[in-house]
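Accompanying notes for the structure given below.
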Amino acid sequence: MNGVAEVSSCSSSEIERAVALLRRGELVAFPTETVYGLGADASNPDAVRKIFAAKGRPSDHPLIVHLADRSRLDEWAASVPDFAWSLARRFWPGPLTLILRRQSCVPDAVTGGLDTVGIRVPNHPIALELLRAFGGGVAAPSANRFGRVSPTCAAHVREELGDRVDMILDGGPCSVGLESTIVDASGDAPAILRPGAVTAEAIAEVLGFAPSLPRSGSPRAPGRLASHYAPEARVDLVEHGQIVARVSDACRAHLRIAVLATSPPAGLDRETFVFIRLPDEIEAQARELYLALRAVDRAGCDLAFVELPDETGLGAAVADRLRKAAGRG
Ligand code: TXA
Ligand code: MG
């Protein structure tokens, strides 16, 4: 489904244009290894407000500040605990966001008025080139309309935002495909707020103990709204072995049905559903999950059935996004 390789560079004139736009307070979408981000100068509140307008996102939802490397961390975050430095050293650049106490210079527009700030050093050559050339922090949420599936290629950004974004840097398809792991490092004990490709197991190895896992909390915490990361179609999670019965019931209700699975379910008439294949391997499943959810809408389906994967390692992140797509996050 996603056979095209990551694009590892842009022309220097494209980077220069992107930097000039950021400096003027405009929006630039850029690739990261996780998903595409919609970037603005994090030190410019007016520029940051344009992100919320373009996405249709409530202004109290905090944004992640992207930096070129961890040496700039102290400019944005205060009293960074030792365990957070250990995680930064091990996983940056990479798909990890740390929530830290903010420095007073971080605009409220970025943090939604919270006294913490999310920071990440992304691992994509184009993102890093842009961040180095810009020099400052770039505030960027995923480059989709609020509540919808994150874009994993430049065409999806265009589909989501049209001309509400001034420039899109094309880095090809994202190699991870799911948003970064978010670790709250603002308190005494690290807690995973959003699972991602930096797995709980990998974090535990660095810390020497297991971090606490997501629990239900305030709607400000990542993806805690009733429906997030969702296609237009309804997504229904099915227990193993129930797919045939569920599809048959839905057919009687005259719904157009999609089945997302690694192989087509046996015992069903192929005319009765649209089969959207998920790769067997969990890394590839993560990479292609949002493509599959977009395919459900493209096929004009009302309802998609999918089984949760095994929730160890990266499977926890895939399962988390599927629950959120199903409105059960
Ligand atoms: O992989 C990613 O993290 C991508 C790429 C572009 O870096 N970004 C991304 O941003 O997913 P966004 O805004 O779509 O999701 C970030 C989540 C939001 O749900 C937000 O609530 C949470 O991070 N967040 C940001 N700052 C926070 C803070 N200070 N406290 C708690 N949650 C925070
Ligand atoms: Mg998002």
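Couple of notes before you dig in:
- Taken over the stretch 196-210, the criterion of being more than 8 Å from ligand 1 (Cβ to nearest atom), assigned to a loop (DSSP other than H, G, I, E, B) and closer than 21 Å to residue 319 by Cβ is satisfied by 197, 198, 199, 210.
- With respect to being in a helix (DSSP H, G or I) and within 13 Å of ligand 1 (Cβ to nearest atom), residue 193 falls outside the description.
- In the stretch 98-142, of all residues being of a type in the set (S, T, N, Q) and over 22 Å from the mean Cα position of the chain (by Cα), the one that is farthest from residue 176 (Cα to Cα) corresponds to 104.
- Beta carbons closer than 9 Å, at least 6 apart along the sequence or on distinct chains, pair a first residue in the stretch 96-111 that is over 25 Å from residue 211 (Cα atoms) with a second that is assigned to a loop (DSSP other than H, G, I, E, B) and within 16 Å of ligand 2 (Cβ to nearest atom) for 109/59; 109/63; 110/62; 110/63.
- Helices (runs of 4 or more DSSP H) fully within the stretch 232-329 counting 2 or more residues that are surrounded by fewer than 17 Cβ atoms within 10 Å (Cβ to Cβ) and of a type in the set (Gly, Ala, Ser): 243-252
- Qualifying residue in the stretch 212-222 (condition: at pLDDT below 80, within 16 Å of ligand 2 (Cβ to nearest atom), within 14 Å of the chain's Cα centre (by Cα) and closer than 16 Å to residue 148 by Cα): yes
- Complete set of residues in the stretch 137-170 that are closer than 18 Å to residue 22 by Cβ, away from ligand 2 (no atom under 13 Å from the Cβ) and buried (at least 20 other Cβ atoms within 10 Å of the Cβ): 137, 138, 154, 165, 168, 169
Every residue, every condition in (1) at pLDDT 95 or above; (2) on the phi < 0 side of the Ramachandran plot, yes or no:
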{"site": "8", "(1), (2)": "no, yes"}
{"site": "20", "(1), (2)": "yes, yes"}
{"site": "28", "(1), (2)": "yes, yes"}
{"site": "41", "(1), (2)": "yes, yes"}
{"site": "47", "(1), (2)": "yes, yes"}
{"site": "56", "(1), (2)": "no, no"}
{"site": "64", "(1), (2)": "yes, yes"}
{"site": "69", "(1), (2)": "yes, yes"}
{"site": "72", "(1), (2)": "no, yes"}
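- Residue that is farthest from ligand 1 (Cβ to nearest atom), among those in the stretch 136-186 that are in contact (Cβ under 8 Å) with a residue 60 or more places away in the chain and on the phi > 0 side of the Ramachandran plot: 172
- Restricting the search to strands (runs of 3 or more DSSP E) fully inside the stretch 1-70 and requiring at least 3 residues that are within 17 Å of the chain's Cα centre (by Cα) and within 30 Å of residue 262 (Cβ to Cβ) gives an empty result.
- For the stretch 122-158, filtering for residues that are of a type in the set (Phe, Trp, Tyr) and modelled with pLDDT of 95 or more leaves 1.
- Candidate set from the stretch 110-124 (those that are touching a helix residue (DSSP H, G or I) at 6+ places or on another chain (Cβ under 8 Å) and part of a loop (DSSP other than H, G, I, E, B)); member that is surrounded by the fewest Cβ atoms within 10 Å (Cβ to Cβ): 121
- The stretch 114-130 residues that are hydroxyl-bearing (Ser, Thr, Tyr), paired with ones that are within 16 Å of ligand 2 (Cβ to nearest atom) (beta carbon under 9 Å, 6 or more apart): 116/62; 116/99
- Members of the stretch 92-108 found to be outside any loop (DSSP other than H, G, I, E, B) and surrounded by fewer than 23 Cβ atoms within 10 Å (Cβ to Cβ), listed by number: 101, 108
- Taken over the stretch 71-88, the criterion of being touching a helix residue (DSSP H, G or I) at 6+ places or on another chain (Cβ under 7 Å) and either acidic (Asp, Glu) or assigned to a helix (DSSP H, G or I) (or both) is satisfied by 73, 83, 86, 87, 88.
The values are calculated or read from the model by the stated rules, or taken from the named source; none is laboratory data. This one's a predicted model, so the numbers in the text were calculated from it and none came from an experiment. Neighbour counts are summed over all protein chains in view; Cβ atoms, including those assigned to glycine, are modelled from backbone coordinates with ideal geometry.
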